[in-house]
Amino acid sequence: MDDFINLLEERNLNGECTLDLGLREQLRGLEATVGAPLPGEAVRACNTAGLHAVLLDWKGTLLDSLLPERLKFYDHRDGD
């Protein structure tokens, strides 16, 4: 997941915002690798920046479900 998130970040920084077929295929592969269904927002993302944000949220959600003790460190002042 981190490699794909980094790829999206690199593309964003280079001004490559289009989600082409190759990225969509990698996204489906990520779903298979993680073993959890992609959030609907990931499937509906219109560009690399939007998908990047959704995947960061999804990663946090997955980590929270696997390591619930992470929630003890949540800073409610973040506004999230």
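Here, each number is a calculation from the coordinates, and none is a lab measurement. Here the structure is a predicted model, which means the values were calculated and not measured. Note that each Cβ is placed from the backbone with ideal geometry, even for glycine, and that neighbours are counted across all protein chains shown.
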Checklist entry - Using the beta-carbon distance between Glu41 and Leu21 and R0 = 22 Å, what value does 1/(1 + (r/R0)^6) give for FRET efficiency, to the nearest 0.05? => result 0.70
Checklist entry - For segment 45-53, what does the Karplus curve 6.51 cos²θ - 1.76 cosθ + 1.60, with θ = phi - 60°, yield as ³J(HN,Hα) per residue in whole Hz, taken in order and with x for Gly and Pro? => result 4, 9, 8, 5, 5, x, 5, 4, 4
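Please work out the FRET efficiency for the pair Glu31 and Glu10, using the Cβ-Cβ distance as r and a Förster radius of 25 Å; give the result to the nearest 0.05.
Here the calculated transfer efficiency is 0.75.
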Checklist outcome for this item: To the nearest 20 debye, the chain has a Cα-centred charge dipole, built from +1 on Lys and Arg Cβ and -1 on Asp and Glu Cβ, of 180 debye
Checklist outcome for this item: Karplus ³J(HN,Hα) for segment 59-72 (6.51 cos²θ - 1.76 cosθ + 1.60, θ = phi - 60°; Hz, whole; x = Gly/Pro) runs 4, x, 5, 5, 5, 4, 6, 7, 10, x, 5, 4, 5, 5
Checklist entry - So what does the Cα-only Debye profile of the chain read at q = 0.11, 0.15, 0.19, 0.23 Å⁻¹, as log10 I(q)/I(0), no solvent term? => result -0.32, -0.57, -0.84, -1.10
